[in-house]
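Q: Can you read through this structure? Questions will come right after.
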Amino acid sequence: MSDDVVSRLVDQVDATRAELEAALADPALVNDRLKYADVNRRWSGLTDAFALAARYRDAQSQIAEAEAMLADGDDDDIRAILKESRDELDMLGPALREAMVEPDPNDDRDVIVEIRAAAGGEEAALFARDLLDVYSKYSQSLGFRTELMESSPADAGGFKDVSLAIKGKGAYSVFKHEGGVHRVQRIPATESQGRIHTSTATVAVMPEADDVEVNVDQNDLKIDVYRSTGPGGQSVNTTDSAVRITHLPTGLVVAIQDEKSQLQNKDKAMRVLRARLYERALAEQMAQLSADRRSQLGSGDRSEKIRTYNYPQDRVTDHRVNVTITLRGQVLEGQLGKVTEALQAEERRLRLSEMTDSGV
């Protein structure tokens with residue numbers, strides 16, 4: 001990394017620090033809860049960068065002083081100080097660049113994970129259920145709490161679609177990379193010829209948003225209540241407790257019937273709706289930044305995939321980072337840590353690459 005690039009980076013760090021210090025000194029900040037949280041989050045995330053920039057400035061000063069002293073006469077001790085300071089500058093450049101990669105502002109949020117059976121009929125529905133089990137176990141191993149939000153059971157025992165709320169600091173940072181098309185290759189229980197079938201399920205991961213961040217006008221909502229039903233259409237509730245909320249401006253529809261109370265179902269439906277609206281807003285922002293950004297769901301076609309679950313070979317491969325782990329010994333037990341760490345490292349690498357491309 002050239003001296004000019006590092007100097008620009010240090011200038012950027014100093015400018016960012018001044019910007020955040022000015023924001024923190026503004027008495028009006030405490031009255032804006034969202035901005036207050038964002039400023040403090042950014043300050044905490046850049047603490048290392050601020051310290052490294054200060055060290056860089058100190059090293060530059062030491063180099064200037066040492067060079068001035070050597071101009072008046074050679075001295076081994078001064079030369080040693082000069083070399084040490086130059087070595088520190090060489091080390092600080094890459095460290096500064098990495099420290100300036102700010103974390104995703106949504107990383108600490110709770111998430112809602114939506115799983116939908118795609119290609120493969122009943123086998124895809126069974127796979128959707130398996131993914132729900134994997135995410136539930138993984139969440140438990142990390143100390144996160146889970147809550148079933150909505151589900152549409154399939155006749156064979158799986159799910160046409162199901163959503164899970166995962167609560168805990170950093171939940172989104174862990175699960176956001178699960179969004180996409182998951183492909184399973186296995187012999188279905190109903191397959192008499194022993195042939196391997198390929199099915200898919202789609203996963204969408206949305207950071208939870210509260211009503212302050214996503215202001216939903218009640219006049220924009222159409223709320224219907226109806227009687228809950230189970231697989232095959234049989235009634236499972238004698239009261240109109242199920243709730244369907246339609247957001248008229250966007251056409252988004254959320255239906256919840258898992259709770260016995262209409263109020264509880266409405267509360268869950270609003271949480272899901274806010275998360276979908278928030279995710280929609282994030283997608284629009286990303287689309288402006290990257291014209292070729294693809295939806296994390298894709299079409300659900302068998303050829304589209306982020307990860308393959310191969311039962312005959314007892315392995316799971318994430319195709320984005322080319323990491324393979326065992327299916328039965330790890331994945332089905334909710335041990336996704338190795339894949340998550342690789343995906344988080346790849347995200348950081350891409351962020352660093354974007355900084356390089358921008359000349360920082």
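Condition check ((1) modelled with pLDDT of 85 or more; (2) of a type in the set (A, V, I, L, M); (3) touching a strand residue (DSSP E or B) at 6+ places or on another chain (Cβ under 7 Å)) across all residues:
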| residue | (1), (2), (3) |
| --- | --- |
| A68 | yes, yes, no |
| L82 | yes, yes, no |
| A99 | no, yes, no |
| A117 | yes, yes, yes |
| A124 | yes, yes, yes |
| L132 | yes, yes, yes |
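Q: I've got another one for you. What tally of residues in the stretch 99-130 results from selecting those that are within 17 Å of the chain's Cα centre (by Cα) and either farther than 28 Å from D48 by Cα or part of a loop (DSSP other than H, G, I, E, B) (or both)?
A: 14
Q: Of the residues T202, T198, T146, which is within 17 Å of the chain's Cα centre (by Cα), assigned to a strand (DSSP E or B) and surrounded by fewer than 21 Cβ atoms within 10 Å (Cβ to Cβ)?
A: Answer to the selection: T146.
Q: Taking the stated definitions as given, is V111 in contact with a Leu (Cβ under 6 Å, 6 or more places away or on another chain) and at pLDDT 90 or above?
A: no
Q: Let me ask something additional. Is it fair to say S44 is out of contact with any Pro (no Cβ under 9 Å at 6 or more places or on another chain), in a helix (DSSP H, G or I), over 15 Å from M91 (Cβ atoms) and at pLDDT 85 or above?
A: No.
Q: Restricting attention to the stretch 211-234, and to residues there that are modelled with pLDDT under 70 and in contact with a helix residue (DSSP H, G or I) (Cβ under 7 Å, 6 or more places away or on another chain), which single residue is nearest to P105 (Cα to Cα)?
A: For the stretch 211-234, the residue satisfying everything is E213.
Q: Within the bounds of the stretch 92-111, is there any residue that is surrounded by 14 or more Cβ atoms within 10 Å (Cβ to Cβ) and under 30 Å from A156 (Cβ atoms)?
A: Yes; the residues of the stretch 92-111 include at least one that is surrounded by 14 or more Cβ atoms within 10 Å (Cβ to Cβ) and under 30 Å from A156 (Cβ atoms).
Q: Can you name the residue in the stretch 172-186 that is over 15 Å from the mean Cα position of the chain (by Cα) and surrounded by fewer than 22 Cβ atoms within 10 Å (Cβ to Cβ) and, of all such residues, is farthest from A275 (Cα to Cα)?
A: Ranking the candidates gives R186 first.
Q: For the condition of a type outside the set (V, I, T) and without any contact (Cβ under 8 Å) to a residue 12 or more places away in the chain, what is the one hit in D11, D48? Write out each step before concluding.
A: On the way: D48 fails: without any contact (Cβ under 8 Å) to a residue 12 or more places away in the chain.
Going through D11, D48 in turn, the sole match is D11.
Q: Quick one: is S61 polar (S, T, N, Q), in a helix (DSSP H, G or I), without any contact (Cβ under 8 Å) to a residue 40 or more places away in the chain and surrounded by fewer than 16 Cβ atoms within 10 Å (Cβ to Cβ)?
A: It is true that S61 is polar (S, T, N, Q), in a helix (DSSP H, G or I), without any contact (Cβ under 8 Å) to a residue 40 or more places away in the chain and surrounded by fewer than 16 Cβ atoms within 10 Å (Cβ to Cβ).
Q: Filter the stretch 39-58 for residues that are surrounded by 15 or more Cβ atoms within 10 Å (Cβ to Cβ) and under 18 Å from D107 (Cα atoms) and give the result. Let's see the steps before the verdict.
A: Quick first cut of the stretch 39-58, residues surrounded by 15 or more Cβ atoms within 10 Å (Cβ to Cβ) only: 39, 41-43, 45-46, 49-50, 52-53, 55-56.
Listed by number, the residues that qualify are V39, R41, R42, W43, G45, L46.
Q: May I ask you to verify whether S173 is within 28 Å of V339 (Cα to Cα), in contact (Cβ under 8 Å) with a residue 24 or more places away in the chain, out of contact with any Cys (no Cβ under 9 Å at 6 or more places or on another chain) and in a strand (DSSP E or B)? Working first, answer last.
A: Values: within 28 Å of V339 (Cα to Cα): yes; in contact (Cβ under 8 Å) with a residue 24 or more places away in the chain: yes; out of contact with any Cys (no Cβ under 9 Å at 6 or more places or on another chain): yes; in a strand (DSSP E or B): no.
So S173 does not fit the description; no.
Q: Shifting gears a bit: Got a number for residues in the stretch 89-125 being under 19 Å from V331 (Cα atoms) and without any contact (Cβ under 8 Å) to a residue 60 or more places away in the chain?
A: Count: 1.
Q: Which is within 30 Å of K83 (Cβ to Cβ), part of a helix (DSSP H, G or I) and out of contact with any strand residue (DSSP E or B) (no Cβ under 7 Å at 6 or more places or on another chain), of A28, A51?
A: A51 is the lone residue from the list that is within 30 Å of K83 (Cβ to Cβ), part of a helix (DSSP H, G or I) and out of contact with any strand residue (DSSP E or B) (no Cβ under 7 Å at 6 or more places or on another chain).
The values are calculated or read from the model by the stated rules, or taken from the named source; none is laboratory data. Predicted model only: the values in this text are computed from it and were never measured. Heads up, the Cβs are rebuilt from the backbone with ideal geometry, glycines too, and the neighbour counts pull from every protein chain shown.
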